[in-house]
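Below: the structure, in structure tokens.
The values are calculated or read from the model by the stated rules, or taken from the named source; none is laboratory data. All figures in this text were calculated on a predicted structure; none of them were measured in a lab. Here the Cβ positions follow ideal geometry from the backbone for every residue, glycine too, while neighbour counts run over all protein chains shown. The accessibility values were calculated without ligands, DNA or RNA, using every heavy atom of the protein model including side chains. Shrake-Rupley method; radii C 1.70, N 1.55, O 1.52, S 1.80 Å.
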Amino acid sequence: MQSSKMKKDESFLGKLGGSLVRKKKNKEVSDLHEEGKNAINAPLLPSGTEIHPEDALLEENAERIMLDPSSHENPKFKDLVKTLTEWINSELEEERIIVKDLEEDCYDGQVLQKLFEKLSGRKLNVAEVTQSEIGQKQKLQTVLEAVNSVLRPHGWTVEWSVESIHSKYLVSIVYLLVALAMHFQAAIRLPEHVSVQVVVVKKLEGILQTAVLTKELTTTTEMMMGRFERDAFDTLLDHAPDKLNVVKSSLITFVNKHLNKLNLEVTELESQFADGVYLILLMGLLEDYFVPLYNFFLTPESFEQKVHNVAFAFELMQDGGLMKPKARPEDVVNLNLKATLRVLYNLFTNYKNSE
């Protein structure tokens with residue numbers, strides 16, 4: 001009886017073992033099939049990039065775009081993201097808005113709305129807080145329509161959409177922020193020649209196809225600044241350099257008329273205004289007030305301190321009712337003659353009759 005029972009147990013265990021082995025082999029075959037399928041469907045996929053489960057649910061001819069992980073860690077791209085993040089926080093400081101992550105903080109339209117309103121001076125008719133996905137997309141739609149109406153006439157290619165930003169596609173968000181920063185002449189220096197690789201997954205005839213594209217986010221500062229309308233100084237430097245000395249002489253006479261009251265004298269426009277000190281003192285003289293020394297660096301040593309001074313001088317100009325200078329503080333600090341001439345000529349135009 002005992003021997004018979006042992007045989008039955010062995011037979012049962014044998015069947016169970018055989019069943020487990022078959023299941024294991026079937027799983028191995030299934031895994032191998034899936035691996036082969038992925039190898040066929042994603043021949044161009046960069047190493048380190050995974051096809052997400054939602055890709056299999058793509059409709060025919062639909063596509064999904066994502067940033068290649070290697071580009072996400074690119075030092076120049078990370079520097080660009082950091083620069084844009086700090087710029088937004090500086091612009092929206094009064095709103096008590098702090099951005100830590102561009103993807104997580106910009107996708108719902110709230111930050112983009114506040115940023116555009118601050119830069120353009122326009123108030124958008126949108127709900128302040130939107131929790132639902134539909135509400136967020138409606139807000140984004142309104143914000144992007146306003147943004148596009150400002151940027152398109154100046155030749156900007158729209159590389160963003162409601163769907164791409166709401167899906168937290170970082171490349172679209174960065175494209176949009178770079179365009180806004182350059183169009184509104186943000187007081188920042190964007191890293192040059194920043195490019196990233198993006199992976200495009202598309203379904204064709206039921207099969208997922210992938211491709212890798214290179215996206216150029218920034219070029220040279222000169223080329224990016226070249227998007228702005230050319231003015232008289234562009235024409236002067238390009239076609240009438242002989243008249244440049246006449247203009248410089250007139251501006252030197254103008255600034256010295258006022259700086260001489262403090263026993264200061266300028267002989268070189270581009271170099272002596274580069275640290276911002278003379279600009280600040282000049283604004284105080286033109287508007288007839290004393291600028292407290294704790295508001296700026298009287299003897300700036302670093303690039304950042306000089307940029308602070310020039311940016312502060314720009315604020316004083318705007319407080320005095322002048323338009324925001326077309327130049328950037330960094331350009332003045334970097335001895336860019338055209339930038340310095342633009343700033344001083346703006347002062348000359350508004351204060352040439354001041355005593």
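Considering the options Asn334, Ala311, Ile252, tell which one lies farthest towards the positive end of the dipole of the stretch 232-352, charges being +1 on Lys and Arg and -1 on Asp and Glu at the Cβ, about the Cα centre.
Of the listed residues, the answer is Ile252.
First select every other residue whose beta carbon is under 10 angstrom from the beta carbon of Phe184; then total the charges, Lys and Arg +1, Asp and Glu -1.
+1
How charged is the neighbourhood of Met317? Take every other residue with its Cβ under 11 Å from the Cβ of Met317, and add Lys/Arg as +1 and Asp/Glu as -1.
-2
Grab the other residues whose beta carbon is less than 14 angstrom from that of Thr83, score K and R as +1, D and E as -1, and report the net.
-1
In nm, give the distance between the simple-model label positions of Lys261 and Ser249, each being 7 Å from the Cα along the Cα-to-Cβ direction.
Rounded to a tenth, the inter-label distance reads 2.6 nm.
Ignoring ligands, DNA and RNA, what percent of the accessible area of the stretch 232-352 is carbon or sulfur (1.4 Å)?
53
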